[in-house]
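Laboratory data are not the source of any read-out in this text; all were calculated from the coordinates shown. Model, not experiment: these values are computed from the prediction. Here Cβ is always computed from backbone atoms with ideal geometry, including for glycine, and neighbour counts include all displayed protein chains.
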Amino acid sequence: MVEISFDYLRLHRQCWRLLRAVKDHCRDDLIRIYGPEYLEKESQLPFVVGYVLMTATPTKQIGDLLRARLPGVQVTSKVLEDAKYVIEEMVDSGAGALVIEQILPRALDLRIEFEIEQ
């Protein structure tokens, strides 16, 4: 039997860090689109993903959890592009190596090697 011990706390901290970075970078646009109270408390931070995706679709509201887009706001992919930039910066800073270099080798004794193309 294979026992898997996965560092969920470390992964959770990295995900929370990423969500905060996206929220901070896209803050002005998200406030313009959804209003200043689109996030009322820290525990709603994962909703940032839904808000970012909704900015690039004609959908005005998804369920009761997320606020509706304010009237007159145009649908664009700007916020989605800004979020992409944040994710790329985080990966380039080495955060993406966390899973490949630490979590997978320790939890599953799995090593992944990449060839870098020039």
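The simple spin-label model puts a point 7 Å past each Cα toward its Cβ; for LYS78 and ARG20 those points are separated by 2.7 nm.
For the range 12-52, the list of trypsin sites (Lys or Arg not before Pro) that fall in a loop by DSSP and count at most 16 other C-beta atoms within 10 angstrom reads LYS41. For the range 1-65, applying the loop criterion from DSSP together with a ceiling of 14 other beta carbons within 10 Å to the GluC sites (Glu not before Pro) yields GLU3, GLU37, GLU40. If you wrap the tightest convex hull around every Cα atom of the range 8-108 and split its volume per residue, you get 109 Å³. Shown in residue order for the range 25-41 are the 3J(HN,Hα) couplings computed by the Karplus curve 6.51 cos²θ - 1.76 cosθ + 1.60 at θ = phi - 60°: 5, 9, 3, 4, 5, 5, 5, 4, 7, 10, x, x, 9, 5, 10, 9, 8 Hz (x for Gly and Pro). Summarising the label geometry, the points placed 7 Å from Cα in the beta-carbon direction at SER93 and GLN118 lie 3.1 nm from one another. Using a Förster distance of 35 angstrom, determine the FRET efficiency expected from the C-beta separation of THR59 and ARG13, and round it to 0.05. Once the sixth-power term is evaluated, E becomes 0.70.
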